[in-house]
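Working notes, structure below.
The values are calculated or read from the model by the stated rules, or taken from the named source; none is laboratory data. None of these values were measured; they are calculated from a predicted model. Cβ coordinates were reconstructed from backbone atoms using ideal geometry, including for glycine residues, and neighbour counts include every protein chain displayed. Surface areas here come from the heavy atoms of the whole protein model, side chains and all, with no ligands, DNA or RNA. Shrake-Rupley method; radii C 1.70, N 1.55, O 1.52, S 1.80 Å.
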Amino acid sequence: MFRRKMLILMMSVVIMAGLIAGCSSSSSNKNETTSNGSGNTSGETEAAEKILDIEVWTGNTGFKAVEKGSPVYNFYAELLGVGFISPYVEWNGGTDYLNALNSRIAAGEMPNVFLPYNGIEADLAKNGAIADLTDLLPQYASKLWELIPEEVWNIVKANDPTGQGRIYWVPGIKSYERTTGLIRKDWLDALGLEMPKTQEEYVNVLRAFKEQDPNGNGVADEIPTGGRENARWMDHLFNQYGIAMMEGFPDWDIYDGELTFSAVTQNMKDALAFIAQLYKEGLMDQETFLNDKATWDGKIDSNLVGNYFHWGQGAYEHLEKLELGAGVKAEIAVLPVIEAPGYEGQGFITTKQLGSPEWVVSAQQDEEHLIASLKFLNEIADESKWYDLYMGVEGMHHEVVDGKKVKLPEDKSTQQIGVAPFYAWGSMEFQEQLLLDSASEENKWRYEQSIKNMKELQQYVKVIASDGLPSSIYDGYPDIKNNTLWYEYATKIIIGTYSIDKFDEFVEKWYKSGGDVVTERAREWYATVNQ
Amino acid sequence: MVSLSFGEKVMHTIIIIFLIIVGAIAVAPLISVIAVSFSSRLPVELNEVTLWPKGFTLDSWNYILSRSDLWRSFAVTVCATLTGTALSLLITALTAYPLTKPEFKIRSILMVAIVITMVFKAPLIPYFLTVKAVGLYNNPLVLFVPHILTAFNLIIMRTFFLQFPVELEEAAVVEGAGYFRRLFSLVLPLSKAVLATLGLFYGVTIWNQFQHPLLFVTDPDWFPLQLKIRQYITSDNELPIVGSIAELNYNSRTLRSVTIAFSIIPIIMVYPYLQKYFVKGALLGSVKG
Amino acid sequence: MNKESSSKGLLCNVRRYWPLYLMSIPGIVFFVIFKFIPMGGTVIAFQEYSVFKGILQSQWVGFKNFEILFRSSDFYRIFTNTLILGFLKITIMFAVPIILALLLNEIRRAMLKKTIQTALYIPHFLSWVIIAGITFEIFSLSGIYNTIRDWFGLQPVLLMQQESSFRWIYVFTGIWRDAGWGTIVYLAAISSIDAQIYEAAVIDGASRLKQMVYITFPLLLPTILVLFLLEVGNFMELGFDHVYTLLTPMTYSVGDIIDTYVYRTGIQEARYSFATAVGLFQAVIGFILVMIFNKLSNKVSGEGLW
């Protein structure tokens, strides 16, 4: 009896395996079209132009892949004149993407055009795996060449890992800064307070938020201010002290006449002492360092937070939830950079012009495909096409209502990935247009607030000296690059586990574990670039 | 049945109460996930949902269950799990049996080799290149072939086989039965418990697999369940995506909760079925004296 | 025994017991292809591996990667943390499933037993991200833990920020998630015990407790031993996801282990050589431990892995 069962089992196993193998051969036929330099041509446009297929890899947070003949493929073939093929590669914060990319490279199958991540472009350039774009861009991608300002191209040249002043990647540019401190103006109004400008005024406002129940629910549940884990997204508490900081990561700027890492300066020590005081007095979310994005946003949206730091133009998201959830029509306004004692006039919001590398082009493809890759980059740099790219494919990404294109909600099971060059290279005007476009009569006020914030924060912005500093200065010192020591000391000092005196220990350790070498390299770079 | 003494009855009750409490604590996370899956978008975003749904809605479930590509993944995963588990059990038994026989000369060496494979792991790129070289890149067979054997399961089966008294097979040897006969007619029928156990282990491994398909499967039609589910889970973007948001009553968190529940339920349904193999007395009457 | 006779002995063995060799062929082929050949790639631990050059052409650097590990200022800390958490894993976390299995075995009513068993192993299917997320919630200001503290008039405490609580939370969450699953093997083993032995004991007047101590447990010992040896082999492997999702910078000093350190400095940076070197280091230690304990086990109980 058992024997028979085993026999049946084995037979079904064999049959299943056969079925699967059979299915696989038929589906693998379908897959042969993702070519890589094999010169597949398909589809003819009106001008009998040959459409070459190129494989493009970009960060994909879950949208469907683009295969030959699919809606996005056809749409891009018409709009850009290239066969855009993009497989699904899991992003997962970049780690999985990097692994998949490396595996492909090891197997000799690099995509034609792709997003480099975490400094891989330096290795690729040094090994001749990606194309030298210096002369190719003006020739085959003039729109892109002109879109990015010359100073930015010069920085890229200066950061050439081969040291020859060549261009190996296409950078993103930050034409305007997005982040700022934001405050519930309606709370200030409710309590009869003015927008704070000095630190003393600011702390008084925080205290008032905590004690005088501005959200009016009779419970002392207000969180005056706070941030997220690793002491990030609380830059407004640091930038009062003239500290260079991007989205919570300390950065490099001129201190005492020399390019220095902001985390090891006197400014930082004073800032930490101040913030520790805020924490001790309960003016800061006690769980700040346990907050992930969802948790912190949840608190903001639950009408609990008075002051936070994030994207000025993103206010509409919070305003929507505050209205739907707590039933409050809030007013979120820009918090000016506060004047800290001893640092009056020195505070600023950090920005850089040079964004991270957006695209590199494989050198392991034939000339036809190389030119097609460049054509791709050229076309997506065409600002006149951005609106169409943003709107995507009709029926998939947008629908037409009363003759006007309306974007459909995000749906990863039906929508394919596309490119979004406007995020990498976009201007404030384009962003404004997008925001107004999404507005309806009832919710327009939210978008107007967002636009107002986006514009108002620009007056506090300063471009820091380390704009363009290459990440190669950290080579060999990954923990310095990762700011591991900083996270540990900053969080512990703020929550009070360490006294502020431990800061000096931090500085010493930082220098000893490689900070001194990194600082030297950074200063060398600065000297070279500023000759 | 012999009746228990009073002290034993008390002990018994305490044990049961203790286990019930532990069980409840163990189940709590799943209950929380299910609660989120039936909740509306806004309460979830405001972090208001704990063990009970808020703003009860079937929208998230509707959305997920109507994704045809998800059902295809489900089917793919079911096929791969059934095939793979059967194949794994077969090969594990075939490999474990000789390891229990002292007359098998290379027994010790093999054991050391097996433990080595468990302790020393291959780095990513060489593994990728090897699997690719064997022809499994972008081949659906990769969904179960790399999981056919694990050192852990192999050693467990061997340990179980070793529990059988030597007399078990002696009768068969006398009758002239070869090793294959002995394995399939004698040993395996009595090994239902370990077969069920390893079947569960292998099955769950294939069912939950994610790292392998991530590297080796590029055709979305062949994505197994977990990989497909990952597609619906975003790490929330920093930058707000401009577009109409308000009408949807679900978000990535509620959808994620649905997919998690969706992938666990089949396993919960299968286990009680396997449970009957864990009944005491499987050996009853097999060996006399 | 000289070489010639032992190879002749092997040939003889194959000829005589060929079915056994035949049976093991699929398994051996599998291990060779999927384990041993890729394992050869471990050689990149001694190289400066570059995906562009491949293994054959990457530069040989000897023990440099290991030196980087040992010389890093954090090494002492991550090594100690790994040892401590590893020790907790092979003691407390190893013992719990055994105890649970013995207790579960006492339940008579099949329905109840099935339900509790199913409940116990459910957390195993939830990823660490979820379990950690729930853990953070439980210990948050508005979570159960602090709510209960409030009932007793105590001040709220943020345990997840405290160094002193990290190790216990590691143990607690590890048990929460995996203890139930771990009982499966033991329950299967218990079910294989001949019921006649129990009947004889009952006739002799043995109490349930005596049955557990003198019958169940000893007969379970071979299984326990084997599983313990396997656990020891993976001593240095504390479950990256487990620790990583629970870790915060405030608990680095007790929670940063070799795996999380390598993740930051090796894997995220795609420094494959370094990551492989560290993995090799951990594997060697694990293997040495297995050899030691296997010898001990052989001496004490006559049984071992080999």
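Counting DSSP beta bridges in the protein assembly as shown, what percent are antiparallel, to the nearest 5?
Numbers: 30 of 45 bridges.
Just about 65 percent of them are antiparallel.
Going down the list B:Lys276/C:Lys89; B:Lys121/C:Lys35; A:Lys174/A:Lys462; A:Lys210/A:Lys280, which pairs span over 19 Å between their C-alpha atoms?
Values: B:Lys276/C:Lys89 31 Å; B:Lys121/C:Lys35 8 Å; A:Lys174/A:Lys462 13 Å; A:Lys210/A:Lys280 13 Å.
In this structure, B:Lys276/C:Lys89 lie more than 19 Å apart at Cα.
Going through region A:249-336, which trypsin sites (Lys or Arg not before Pro) have at most 15 other Cβ atoms within 10 Å and a DSSP loop state? Provide the component values of the computation, followed by the final result.
Numbers: sites: A:Lys269, A:Lys280, A:Lys293, A:Lys299, A:Lys321, A:Lys329; in loops: A:Lys329.
Taking region A:249-336 and a limit of 15 other Cβ atoms within 10 Å, the loop trypsin sites (Lys or Arg not before Pro) found are A:Lys329.
Gap in Å between the Cα centre of region A:250-289 and the Cα centre of region B:77-96?
One Cα centre to the other: 58 Å.
Compute the accessible area of each residue in region C:35-79 twice, once for its chain alone and once with every protein chain present, using a 1.4 Å probe on heavy atoms, and list those whose area falls by at least 30 Å².
Those residues are C:Lys35, C:Phe36, C:Pro38, C:Met39, C:Tyr49, C:Val51, C:Phe52.
C plus B alone minus the pair: what accessible area, both sides summed, probe 1.4 Å, in Å² to 100?
On the way: alone 19230 and 18230 Å², together 29640 Å².
So the buried area, both faces added, is about 7800 Å².
Once you order the gyration tensor axes a ≥ b ≥ c over the Cα atoms, which shape class does region C:76-175 get: rounded for a/c under 1.5, otherwise prolate or oblate by comparing a/b with b/c? It would help to have the intermediate numbers written out before the result.
Values: a/c = 2.16, a/b = 1.28, b/c = 1.68.
Oblate shape, in that a/c is at least 1.5 and b/c is the bigger or equal ratio.
Could you look at chain C and say what percent of its accessible area is carbon and sulfur, using a 1.4 Å probe and all protein chains? Before the final figure, lay out the partial values.
On the way: 9390 of 14150 Å².
C and S atoms contribute 66 percent here.
Using Cα positions and a limit of under 14 Å, work out the aspartates and glutamates in reach of B:Lys9, with same-chain residues fewer than 8 apart set aside.
C:Glu106
If I build a Gaussian network model for chain C, linking alpha-carbon pairs within less than 10 angstrom, which residue out of C:Asn294, C:Asn146, C:Asn234 has the largest mean-square fluctuation?
C:Asn146
Percent relative contact order of region C:73-301, based on C-alpha pairs within less than 8 angstrom and at least six residues apart? Don't skip to the answer; put the middle values down first.
Details: 195 pairs, mean separation 70.6, N = 229.
Rounded, it is 31 percent for region C:73-301.
For region C:12-42 and region C:64-132, what is the centre-to-centre distance using only Cα atoms, to the nearest Å?
Taking the Cα centre of each part, region C:12-42 and region C:64-132 sit 32 Å apart.
Any aspartates and glutamates with Cα under 12 Å of the A:Lys68 Cα? List them, leaving off those in the same chain fewer than 8 positions away.
The qualifying aspartates and glutamates are A:Glu32, A:Asp53, A:Glu55.
What does the charge count near B:Ser263 come to, summing +1 for each Lys or Arg and -1 for each Asp or Glu among other residues with Cβ under 12 Å from its Cβ?
Numbers: positive: B:Lys228, B:Arg230, B:Arg256; negative: none.
Local net charge: +3.
Per residue in region C:147-189, which ones lose no less than 50 Å² of accessible surface when going from chain alone to all protein chains (1.4 Å probe)?
Buried by 50 Å² or more upon assembly, which counts only protein chains, are C:Gln161, C:Trp176, C:Trp181, C:Ile184, C:Val185, C:Ala188.
Per residue, how much accessible area does region C:73-301 have with a 1.4 Å probe, in Å²?
Numbers: 9370 Å² over 229 residues.
It amounts to 41 Å² per residue over region C:73-301.
State the Cα centre-to-centre distance between region A:328-354 and region B:1-72 in whole Å.
46 Å
Which residues of region B:259-273 bury at least 50 Å² of accessible area once all protein chains are present, versus their chain alone (1.4 Å probe)?
B:Ile264, B:Tyr271
For A:Val461, what is the net charge nearby, where nearby means another residue's Cβ is under 13 Å from its Cβ and Lys, Arg count +1, Asp, Glu -1?
+1
Filter the trypsin sites (Lys or Arg not before Pro) in region C:13-89 down to the DSSP loop ones having no more than 15 other Cβ atoms within 10 Å, then list what survives.
On the way: sites: C:Arg15, C:Arg16, C:Lys35, C:Lys53, C:Lys64, C:Arg71, C:Arg77, C:Lys89; in loops: C:Lys53.
Those that pass, being in a loop and sparsely packed, are C:Lys53.
Given the options C:Thr80, C:Thr248, C:Thr147, state which has the largest fluctuation in a GNM of chain C using a 10 Å cut-off (strictly under) for Cα springs.
The residue with the greatest mean-square fluctuation here is C:Thr147.
With a ≥ b ≥ c taken as the square roots of the eigenvalues of the C-alpha gyration tensor of region C:73-301, please select rounded if a/c is under 1.5 and otherwise prolate if a/b is larger than b/c or oblate if it is not?
On the way: a/c = 2.49, a/b = 1.35, b/c = 1.84.
Taking the square roots of the gyration eigenvalues as a ≥ b ≥ c, region C:73-301 is oblate.
Please report, as a whole percent, how much of the solvent-accessible surface of region B:1-81 comes from carbon and sulfur atoms (probe radius 1.4 Å). Spell out each step's value before the answer.
Numbers: 3230 of 4280 Å².
C and S fraction of accessible area: 76 percent.
Counting only heavy atoms of the protein chains, get the accessible area per residue of chain A (1.4 Å probe) and round it to a whole Å² value. Don't jump to the answer; show the numbers that get you there.
Values: 20960 Å² over 531 residues.
Roughly 39 Å² per residue, with all protein chains present.
Among A:Asn291, B:Met11, A:Phe506, whose Cα lies farthest out toward the positive end of the dipole of the protein assembly as shown, if unit charges sit on the beta carbon of Lys, Arg (+1) and Asp, Glu (-1)?
B:Met11
Among B:Leu58, A:Ser471, C:Asn294, whose Cα projects farthest towards the positive end of the dipole of the protein assembly as shown, with charges put on the beta-carbon of Lys, Arg (+1) and Asp, Glu (-1)?
Farthest towards the positive end: C:Asn294.
Ranked from highest to lowest mean number of other Cβ atoms within 10 Å per residue, what is the order of the peptides C:250-263, A:62-75? Walk me through the numbers before you get to the answer.
Values: C:250-263: 22.6, A:62-75: 19.8.
Highest mean packing first, the order is C:250-263, A:62-75.
Counting only protein heavy atoms and rolling a 1.4 Å probe, how much accessible area do B and A lose on contact, total for both sides, in Å² to 100? Intermediate values should be presented prior to the final figure.
On the way: alone 18230 and 24640 Å², together 37770 Å².
In total, chains B and A hide about 5100 Å² from solvent.
Give a quick list of GluC sites (Glu not before Pro) in region B:140-237 that DSSP marks as loop, anything other than H, G, I, E or B, with at most 15 other Cβ atoms within 10 Å. Let's see the in-between values first.
Working: sites: B:Glu167, B:Glu169, B:Glu170, B:Glu175; in loops: B:Glu175.
Taking region B:140-237 and a limit of 15 other Cβ atoms within 10 Å, the loop GluC sites (Glu not before Pro) found are B:Glu175.
If the cut-off is 13 Å between C-alpha atoms, which aspartates and glutamates fall inside it for A:Lys455, apart from same-chain ones fewer than 8 positions away?
A:Glu177, A:Glu429, A:Glu432
Probe radius 1.4 Å, ligands and nucleic acids ignored: give me the carbon and sulfur share of the accessible area of chain A as a rounded percent.
Working: 10330 of 20960 Å².
For chain A, the apolar C and S fraction of the accessible surface comes to 49 percent.
With every protein chain kept in place and ligands, DNA and RNA left out, what is the accessible area per residue of region B:67-287? Probe 1.4 Å, answer in Å².
On the way: 7850 Å² over 221 residues.
For region B:67-287, the per-residue accessible area is 36 Å².
Once every Cα of region B:67-287 carries one equal point scatterer and solvent is ignored, give the base-10 log of I(q)/I(0) from the Debye formula at q = 0.09, 0.13 Å⁻¹, two decimals.
The Debye formula, applied to the Cα set alone, gives -0.50, -0.90.
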